[in-house]
Structure formats: structure tokens, C-alpha cells
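The values are calculated or read from the model by the stated rules, or taken from the named source; none is laboratory data. Fair warning: this is a prediction, and the values are worked out from it, not measured in the lab. Don't worry about glycine lacking a Cβ; one is built from the backbone with ideal geometry, like all the others, and counts go over all protein chains shown.
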Amino acid sequence: MSDIAGIVSATTQKLIGMAESALASAIKTKGEKEFLGFEGTAFYLPLAYSLLGLEVKDLKGAQDIIKNALLLSEGKPLANGLKVPHLDGLLSKGLATLLIEELLAAVLKLNADGYLGFVPDTVLRSLGVQLVDGRIAGIAVVIGRAKDNPLAVKIIRGFQEKNIVSLLVGNKGEKNIKDQLVEENVELGLDNYIVPLGNEELASIFAVNFAIRAALSFGGCKAGQWQEALKYAQERVPAFVVVLGKLSEVIVTTGLGVLNLGFPIITDQDAPPVGKIETTKYEALVVENNYEKIVARSIETRGIKIKVAHVPIPVLYGPAFEGERVRKENLKVEFGSKSSTAFEYLTARPMDKVQDGKVELIGPDVSEAPEKSLPLGILVEVAARNFNKDFEPILERQIHRYLNEAQGVMHMGQREMIWVRISQEAFDKGFRIKHFGTIIHAMLHKDFGAIVDKIQITLFTKDEDVRKHLKGAMDAFTARDERLKDLVDEKVDTFYSCALCQSFAPNHICIITPERLGLCGAYSWLDAKAAFEITPSGGNQPIKKGICLDERLGQWRAINDFIFEKSNKTINEVSMYSLLVAPQSSCGCFECIVALVPEANGVMVVSRDYTGLTPLGMTFTQLAGSVGGGVQTPGFIGVGKLYLTSKKFISSEGGLGRIVWMPKELKDVLQAKIEQRAQALGLSDFFGKIADETNAVTLEELIGFLNKRKHPALSMPALI
Ligand code: SF4
Ligand code: ZN
């Protein structure tokens, strides 16, 4: 251990020295007031903010980080008590190194072409739901490079198959694992669960300050609460580090820092293994030089539970392949969109009319396709003893994800508007049209086995068959839409809770009603109802509304009692329809934020993908920083997009007519729905009265615009 201690001390000192001189020269050329920070975060330099409580905004403020890192490296306690004594002070030095690396990355504006660099808050938020629902099982920080290209592909594909996101970090000047994957034509990107962070060791800090922000965004940890934040990372962030190839001094020291967050290290290099320490669940450092075993060993060492379905098809299968595209150049055959007629339709049938596991193709297969296109009808027939017809659309909607998760298959749209592609590569591996049925059968059984007993799939590829069955499907779609229109809060006696995000935001609960979906946008009332029937003891529980306490606010005694209990007694009451009085709390993965604009007597809405400034002078990310963590913030709510045009959208404050501003893109997506709802409310030409970034970015511009257009909010009762 003594030689490691020497290496670590020297490296920490060296990095502190580097930071001092980088900072000094930056101050000399640009002045102390020069901005310092990363794009796309509300948490300044996130590690310094979280662990030290420092809001570093400029070069001057950065000096405090150096002071603290120095103390920490000497094992002395800091002002907020931060001290980590484990492993003879090595972890303390490691942590000091992380703080310095973050500072260096910011001062040197560490970034390289083709790499993501700093991971913005929005990425974290969009990953939130995927982590809680299991689509993402873990995060691998992969540093260095594999022995050869095929092994690199093997490891990363192995992680993809197990639903693990790989964050790649290189060694400056050397070929790294990202280069290896690119040479092998592996498609990179967040959608594919492979994110190259940077081409030098220092970039591993972007994985660290990404992880610590989970504690800030979802865990409700405040600045400087280092104990809570580290504990959160140890217990709730399923990450680990894989070091391939050279173990440099910086990597060793950084690795010790990372152990503070509970992330174990798995390496193919000779190193003294380290058993369990106080911060890790199992071993802290594991040596595994058998490449075949690295994936399994990593998962085991971090204690990650993996649930993967076995789907008997000739290509890889899993959520990591969901986002991959099939481009024209490697297209074998496509169905639907402009090229042909295509649809998918799922319906319930009597038990004796369905033969479980039967998959039939009626018409030509891919190999017999005259051109690169074929018509396609996917008819899924399900049966169960007590099947609830309301669940048909829920099951049908899964087809999109199920087919997309096959490597080399792309699926878009739903109902009669689908567009499906099979790649040449998938075809070469033996993928055929029948496999659509194989996938749907296996996955519906896996996810919905509790509510469906039998599933049979018929695939049509002759134009006359497709057209014939499409007609029947269209009638069913119309009838379905009519039924859904009737689904309103007043007509049901039960709402559903969703506690999925509690693994991240321990005090947060969503209450889902027919007219207000979960704030992540992924769970409707019907989804929650189905989920409850599938897993009665799961995250979605029915709550009988019972006695109404306030109809306008949307408060019921039973809902309040439930929330109090399940929020660990932190929330007493919740209004379903109000922004100002006891609004719902937010975990952090909201699609949009609705925020009070007092000067306009209305509210603005900002969506996750809008990166610009809003009239409140803040970006989505900055606003989001104060809305999450499972607390109620009167005047702010996180919502799913579809709630904006619901009849119950902040109905207690006057509803849709209060919206004064939203990003243009969101406005355009919702245009038809906004116009419909505005008409029902008797608001004339309302759509044109909502400002967006093309006509108002500042508050003054907004007020000017609203006055000119005579926005209805201006003449509504005062909000505050
Ligand atoms: Fe999380 Fe709410 Fe979505 Fe459930 S509905 S996953 S609790 S955001
Ligand atoms: Zn959430």
C-alpha cells in the first residue's frame, strides 16, 4: 500500500499545482470576474457545490476550491465537516483530486470533437425515468481501451444487452475505446447507451459530477450536504468504473476518489485487489483479465440486478438498441410510411379463439419482396379469462418499443401510421418478418403475463389482406377514442399513485388521475391501473378518493392521508388542480415546468428540450434546479406535456387561459390540442396570444406582446 500512498500524494499535489497555475494564468489574462462553469447545469461546479457548498461562478470563486482541496489532501476537516478517513486517508486525497479535476476541466474548457464533455442536467433528467423503470440498469464508466477492436465491441455490446449505459473516457494522444468502436462501425450516442465523454483521463470527472447531480436533482440534497450526497450516490446510483489498458497515476488517484461515491473499479491490469470498504457494497477493486467475464464481474461487483427478457430471435435484443436507426444505405426492406400501407392493431378475443404462441405470416417474406418495400399488417390477438378491454391500447402501444429493441429493426408511429425497417445486417443474421411476432409474443408475456394468458400474432404482407384488416382496425380505433373521451376525473372513484421515482426521490409520489398523467409523461391513469393489476404490491396503488375536501383545488382526504404516509410524512396535503396551493411535488424527471409569472398574471411553460432563456430570466435547467427533489414549490409544478391541455390543467387558477408563454416547438406540437381546448373555454384566437421565444424573451417583451394581443390572463382575477 505504501507505494500507492506515495503515488497518490504526489499525483494530488501535482494536480493541485496544475490547477493553481492554470487558474493564475486565466486570471492574469481574463480577470477574476471571468465566468467559470459548465453549460447546461443549475449546480455551478457540481462537485464543489454538492460537497463543499460553494457556488463558484467565476475565476475568483474557484480559489476556494483549491483551498479546500489542499486541506482535504492533508486529511484536515473542512468548514462543513467534510472528512473521509477511509483507507488511511487515501480516499480523502482521492476526493481532493476529484474537486481539482472538476476545476481543471472548467478552467481548461476541456472538450474534444466527437465527445460529449460535460453532461448537461437535461440528460440526467431524461434518464431518470429509464433508471427507475429498469430500462437502464446501470452506468459503466469505461476508461482506456480494450486489447483489440473485437474485444472492445464485445464488452460494450455486453453492457448494452444488460441495459447498462457506457460512458467512455480516453487516454490523451492514444487510441481509445471510442476509436475502437468507431472503427467497427458501432453506432454511438445516448440512444444507443454509448456516450463518449472525452479523449483524456480528466474527462472521467464528467461521469462523477454527473452522478453527484442525481443527489441534487432527485434526492433533495442541498449544497454542502456532503454526507447525504455521498450516501445517495453509494446507495442509489448504480455506477461502476472499468479501467482497460494502462493504469496511469491520475487514473489510480481518480479511482480512489470515485470510491467515495461507492463505485467499484474493475480492471484488466495487474493491481492489488481491494476488498469491501466502508463506502462500497462489495469489493472496491477487482482484477479481471478474462475479457469474457468483465461484464458479468462488473455487474456482480456493483450488486446490480438485471432483468432481461429472452427473446428467441437471431439478433441482439434490449432497450439499448431502441434508439438505433436503420438508414437507407443499410436498408433491406421497409413497411408503411410513404412506401406502402401498414398498420398494427391489438384486440382481445374469446379464450377459445386464440392459440398462444401461434405466429403466422400470410404473404411474401423479406427474401421474396419484389422491391425494398412491402405492405404490412400486424394483428395481435390476446385472450385472458377476465381481460379488461381498456387495456388494449396500452398493450398495443408497447409494439413500438418491443420491435425497436431488436438490433437492426426500426419502428415509428402507431396504429395505421407505422413505419418499420429491417436492416441488411439483421436480414443477413437471419431476421425475418415472422420474428416480429416472436418478439411481441415473448415481450407481452414477460411484461403483461399477469393480465393476458394467450397471445397470437398474424402478419399480413399482401396488399389486399392489409387493406381488408385495416378497415376493421380503424373502426376499433374510433370506438376506442370515444371511450377514452369519457374517462374524466369525476367519473372514477379511484386515483392511482406512482412511487417509481422513490428509488431516486425518496419523498416523491405522483398522483395520477384520468385527466392528469404522471409528470414524466410516461404514465397515464390507465397505465397505472394496468400496472396495479399486473403487480398488486407494486409502485402503483389505487386510492379511493372518498370525501372531497375542496372541489376547486382538487383535494380529497384519502389522497392527503396517502401522500402524508408515503412522502415519509413530509407532505401534508396536495391539490390536484392547483399551482399555488399545495401543488404536487416533483421528483425531477418532469417533461415541462409550469411557473408563475406574477407580472403577467399568468404562467409560463418550459419544456426540457428548450435550452434558451425564458421571460423569468432563467433556462429550463436553472428553473428545474429549484423544483425537484420531492418537495412542493408553490408557484411551480413539473408536469407531463399532455396535462397542459387537460380540462383539469391548473383549473383552480383558471386553466389554459393563464398560459402566457411557451417555447415555439412545444407550442407547435400542441397546437391542435390547445386550439380545441381554447375553443371549449370560449377563448377566441387564444393560440396566437401565447408568446414564445420568437417574439418575447425578456419580461418587458412578454408584457408588451400580451398587451398588444389582449391576452385573457391580463383581465383574469389576480393570481397573487
Ligand atoms: Fe416517476 Fe411520477 Fe413518472 Fe411515476 S409517474 S415514473 S413517480 S414521474
Ligand atoms: Zn421522476
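Restricting to segment 505-522, give me the number of residues that are surrounded by 24 or more Cβ atoms within 10 Å (Cβ to Cβ), more than 7 Å from ligand 1 (Cβ to nearest atom), more than 13 Å from SER567 (Cα to Cα) and of a type outside the set (Lys, Arg).
Matching residues across segment 505-522 total 2.
Okay, residues lined up against (1) on the phi < 0 side of the Ramachandran plot; (2) in a helix (DSSP H, G or I); (3) not aromatic (Phe, Trp, Tyr):
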| site | (1), (2), (3) |
| --- | --- |
| LEU47 | yes, yes, yes |
| VAL56 | yes, no, yes |
| ALA62 | yes, yes, yes |
| LYS67 | yes, yes, yes |
| LEU70 | yes, yes, yes |
| PRO77 | yes, no, yes |
| ASN80 | yes, no, yes |
| VAL84 | yes, no, yes |
| ASP88 | no, yes, yes |
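When the residues of segment 71-128 are filtered to those that are among the acidic types (Asp, Glu) and crowded, with 21+ Cβ neighbours inside 10 Å, which remaining residue is farthest from the chain's Cα centre (by Cα)?
Per the criteria, the residue is GLU101.
Going through segment 20-44 one residue at a time, which ones are loosely packed, with under 13 Cβ neighbours inside 10 Å, more than 18 Å from ILE100 (Cα to Cα) and not small (Gly, Ala, Ser)?
Listed by number, the residues that qualify are LYS28, THR29, LYS33, GLU39.
Just give me the residues in segment 539-567 being over 24 Å from the mean Cα position of the chain (by Cα) and within 16 Å of ligand 2 (Cβ to nearest atom), in sequence order.
Listed by number, the list holds a single entry, ILE563.
For segment 534-544, name all the residues that are surrounded by fewer than 17 Cβ atoms within 10 Å (Cβ to Cβ) and either among the charged types (D, E, K, R) or within 9 Å of ligand 1 (Cβ to nearest atom) (or both).
Passing the criteria: only LYS544.
Tally the residues that are in contact with a Gly (Cβ under 9 Å, 6 or more places away or on another chain) and closer than 18 Å to ASP3 by Cα, restricting the search to segment 272-283.
0
Need the failing condition index for ILE143 against (1) farther than 26 Å from VAL326 by Cα; (2) within 16 Å of ligand 2 (Cβ to nearest atom), just the number.
All conditions are met except number (2).
Do we have any residue at all in segment 602-625 that's crowded, with 24+ Cβ neighbours inside 10 Å and over 21 Å from GLU701 (Cα atoms)?
Yes; the residues of segment 602-625 include at least one that is crowded, with 24+ Cβ neighbours inside 10 Å and over 21 Å from GLU701 (Cα atoms).
Tell me yes or no: at least one residue of segment 528-538 is of a type in the set (Val, Ile, Thr) and either in contact with a Pro (Cβ under 7 Å, 6 or more places away or on another chain) or without any contact (Cβ under 8 Å) to a residue 12 or more places away in the chain (or both).
no
Can you find a residue that is farther than 27 Å from ALA284 by Cα and not assigned by TED's automatic domain parsing to the domain that holds THR619 anywhere in segment 80-100?
Among the residues of segment 80-100, not one is farther than 27 Å from ALA284 by Cα and not assigned by TED's automatic domain parsing to the domain that holds THR619, which makes the answer no.
If CYS520 satisfies every condition in (1) more than 15 Å from ligand 2 (Cβ to nearest atom); (2) closer than 20 Å to THR645 by Cβ but one, which is the exception?
Here CYS520 meets the rest and fails (1).
Take the residues of segment 138-157 that are among the hydrophobic types (A, V, I, L, M, F, W, C) and within 22 Å of GLY408 (Cα to Cα): which is farthest from ligand 1 (Cβ to nearest atom)?
Ranking the qualifying residues of segment 138-157, first place goes to LEU151.
Take the residues in segment 575-602 that are within 16 Å of ligand 2 (Cβ to nearest atom) and part of a loop (DSSP other than H, G, I, E, B), then tell me which one is nearest to GLN632 (Cα to Cα).
SER585
From the list ARG401, ARG397, ARG432, pick out the single residue that is without any contact (Cβ under 8 Å) to a residue 60 or more places away in the chain, among the basic types (Lys, Arg) and not in a strand (DSSP E or B).
None of the others qualify; the one that does is ARG397.
Is there any pair linking a residue in segment 110-134 that is acidic (Asp, Glu) to one that is within 16 Å of ligand 1 (Cβ to nearest atom), with Cβ under 7 Å and at least six apart or on different chains, and which?
Filtered contacts from segment 110-134: ASP121/SER217; ASP121/ALA624; ASP133/LEU500.
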